[in-house]
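The structure appears below as C-alpha cells.
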Amino acid sequence: MVKIGPLGFVKSLWRILAGRPRVPPSLQNNPLLDIILKRRSVRSFADREIPDDVLAAILEAGRLAPSTVNLQTWAFAVLTADSWRETFGSAIPFRGQRAVIVMGDTHRGKLIAEAFPASPLVEYTIAVMNASLAAMNMNIAAEALGVSSVMLSETGRSGFLDAGYLKEKLGLPDGVIPLMTIVLGYARGAYPPMPPKLPLDQVCFQGKYREADSAIMEDWLAQMIAGYKASHLSSSFEAQLRVYQSKLGKAEADLQAMILGRK
Ligand SMILES: Cc1cc2nc3c(=O)[nH]c(=O)nc-3n(C[C@H](O)[C@H](O)[C@H](O)COP(=O)(O)O)c2cc1C
C-alpha cells in the first residue's frame, strides 16, 4: 500500500478539491449531462420524507431500464425507514428515508430456459449487468427529482458481501442474488467533493488494451487514502479494506451456493 507523509496528504487533498467534471464548452449547461456529472454518493440525509409519487417515478425508471433480450433480470425490495427497521432491526444507513435493495434475478430467464442450458455464470453475468443498469437508472432519476442517493454493498449489511444474510431476511430463493442497496433521501447540506476519478486517457484505449500508468495509479491511491482519512477521522482506507477482506470468505461461499448451487 502507498504510504503518504503530511505533505503528500495535503497535496492529495488539494488535488481532490481541484477535481471537476470536464465538459466541452459547447456542451455545458445540458440539463441531463449536468445531473449525471454532478451526482455524488451522499451519506448524510435530512429528516424529510420522499413523497410516494417521487418514489414511484424512481422505481419506474428502474422498471424501464435496458436489459439483455429485454429479460429484465432484476427484483427490487422497496423499504421505508419503518419497514427497514422491522426487517433488519436498525435504521437505514446514513438516516436515509427510503431504500431499494436491488437483486439480480436469474429466474426471469426461465421462460426461455432452453437458451441457457447449464450456464450459471452466463445467467449470473446477465442478471448482474441488467440489475446494475436498472439501479443506475433509478439513481439518475432520483437525482433529476432532487433526491440524492448512495449505493451500498457493504455498509449496514446491505449488499452482495452479505448475500447470505439478505437471502434469509428477504426470503430469497437460490438464483436471486442481492447486489446493492440504493439509499434515498434529501441531502443534508452541500454535496461532498468529487472523489478521485482516473483520467480519461487511463481508462480509454484505442487498438490493443493498454495498462494504466503506474505513477498515475499510485497518485490515485494516495488521493483515496488522503480523501478517506479526511472524511473518516476515526478510520482509514486500509481499515475499510480490512472490513471487506473479513467478509470475503463467507460472501464467496454464499454466492457460490446461490449461483452455482455449491454448498
Ligand atoms: C455497487 C456499489 C456499492 C457501493 N457500496 C458502498 C458502501 O457499502 N458504502 C459506501 O459508503 N459507499 C458505497 N458505494 C459508493 C462508492 O463509494 C462511490 O460510488 C465511489 O466512492 C465514487 O463516489 P461517487 O459516487 O460520489 O462518484 C458503492 C457504490 C457502488 C456503485
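The values are calculated or read from the model by the stated rules, or taken from the named source; none is laboratory data. Model, not experiment: these values are computed from the prediction. Quick reminder, even Gly has a Cβ in these numbers, built from the backbone with ideal geometry, and neighbours come from all protein chains shown. Just so you know, the surface numbers come from the protein's heavy atoms only, side chains and all, with ligands and any DNA or RNA stripped out. Shrake-Rupley method; radii C 1.70, N 1.55, O 1.52, S 1.80 Å.
Miscellaneous remarks
- Qualifying position, being open to solvent by 50 Å² or more (accessible area, probe 1.4 Å) and out of contact with any Gly (no Cβ under 7 Å at 6 or more places or on another chain), among Glu143, Glu154, Glu168: Glu168
- Residue in segment 182-199 that is without any contact (Cβ under 8 Å) to a residue 40 or more places away in the chain and more than 14 Å from the ligand (Cβ to nearest atom) present: yes
- Conditions (1) open to solvent by 70 Å² or more (accessible area, probe 1.4 Å); (2) over 30 Å from Thr80 (Cα atoms): number failed by Arg188: (2)
- The C-beta contact set for segment 80-102 (first residue more than 16 Å from the ligand (Cβ to nearest atom), second residue in a helix (DSSP H, G or I), distance under 8 angstrom, 6+ apart or interchain) comprises Thr87/Lys169; Thr87/Leu170; Gln97/Ala81; Arg98/Leu55; Arg98/Ala81.
- Residue within segment 106-126 that is touching a strand residue (DSSP E or B) at 6+ places or on another chain (Cβ under 6 Å) and open to solvent by less than 70 Å² (accessible area, probe 1.4 Å) present: no
- Within segment 252-262, the presence of a residue that is under 20 Å from Gly5 (Cα atoms), part of a helix (DSSP H, G or I) and without any contact (Cβ under 8 Å) to a residue 60 or more places away in the chain is excluded.
- Top-ranked residue of segment 229-261 - restricted to ones that are of a type in the set (S, T, N, Q) and over 28 Å from Pro120 (Cβ atoms), ranked as surrounded by the fewest Cβ atoms within 10 Å (Cβ to Cβ): Ser234
- Taken as a whole, the condition of being in contact with a His (Cβ under 8 Å, 6 or more places away or on another chain) and either of a type outside the set (A, V, I, L, M) or surrounded by 11 or more Cβ atoms within 10 Å (Cβ to Cβ) (or both) applies to Val176.
- Qualifying residue in segment 214-221 (condition: within 14 Å of the ligand (Cβ to nearest atom), in a strand (DSSP E or B), modelled with pLDDT of 95 or more and of a type outside the set (A, V, I, L, M)): no
- Filter pass, Arg43 being in contact with a Phe, Trp or Tyr (Cβ under 9 Å, 6 or more places away or on another chain) and in contact (Cβ under 8 Å) with a residue 24 or more places away in the chain: yes
- The lone exception for Arg98 - which of (1) modelled with pLDDT of 95 or more; (2) among the basic types (Lys, Arg); (3) loosely packed, with under 14 Cβ neighbours inside 10 Å it fails: (3)
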